[in-house]
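J.: Structure incoming, see below.
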Amino acid sequence: MAPCFVMAMLVIPTPAVAEPILTASARLSDSDLIEIASTKTQAHMLAISARPQIGTAVTDILLQRGNQDVVHTLAENSGARFSARGFETLVRHAESDGRLAEKVGPWILEPSATWL
């Protein structure tokens, strides 16, 4: 298997090349994903937001920098975890986005929220 830094370098070229790696590679650490989300395009962030498991630090940066598609993909992703700050950001987005509000609203009412 390629070292993590090599895998991270593979996501640099174009979103089309990066997408399968960003979406599925277990070799990318949260630090790698945060770096990519901090410096790359919306398409890169969209691919990251579709990963099967996403930690809170990664979702925080995606919510901070991501466009509507990224935010919606995160809200639909059962493997995405949200920090308290990230969840507040998600709710703020939902205040002006009815479709997102429909996704996030039930979480607010659910007594055993699993978003953390």
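Only the coordinates and a few stated rules stand behind these numbers; no lab work does. Small disclaimer: the values here were computed from a predicted structure and weren't measured.
J.: Which ³J(HN,Hα) values in Hz, rounded to whole numbers, follow from the phi angles of the range 69-79 under the Karplus curve 6.51 cos²θ - 1.76 cosθ + 1.60, where θ = phi - 60° and Gly and Pro get x?
T.: Using θ = phi - 60°, the values come out as 4, 4, 4, 5, 5, 4, 5, 8, 8, 5, x Hz.
J.: Grab the Cα-Cα distance for Glu35 and Asn77, subtract it from 0.36 nm times how many residues apart they are, and report the gain in nm with one decimal. Each step should come with its number before you reach the end.
T.: On the way: separation 42, 0.36 × 42 = 15.12 nm, distance 2.08 nm.
Length gained between Glu35 and Asn77: 13.0 nm.
J.: Roughly how compact is the range 29-105, stated as its Cα Rg over 2.2 N^0.38 Å to two decimals?
T.: Relative to the 2.2 N^0.38 Å estimate, the range 29-105 comes out at 0.98.
J.: Could you work out how far the C-alpha centroid of the range 77-99 sits from that of the range 33-50, in angstrom?
T.: Cα centroid to Cα centroid, the span is 17 Å.
J.: What ³J(HN,Hα) values, in whole Hz, does the Karplus curve 6.51 cos²θ - 1.76 cosθ + 1.60 give for the range 41-48 when θ = phi - 60°, with x put for Gly and Pro?
T.: Each residue of the range 41-48 in turn: 7, 4, 5, 4, 5, 4, 4, 4 Hz.
J.: If each residue of separation counts as 0.36 nm, what is the full-extension length gain between Gln42 and Glu102 once their alpha-carbon separation is subtracted?
T.: Working: separation 60, 0.36 × 60 = 21.60 nm, distance 2.32 nm.
Here the answer is 19.3 nm.
J.: Could you pull out every residue, at least 5 positions away or on a different chain, whose amide H is within less than 5 Å of the one on Ala80? Hs are placed 1.01 Å off N in the peptide plane, and Pro or chain starts have none.
T.: Counting only residues 5 or more places away or on other chains, the set is Ile54.
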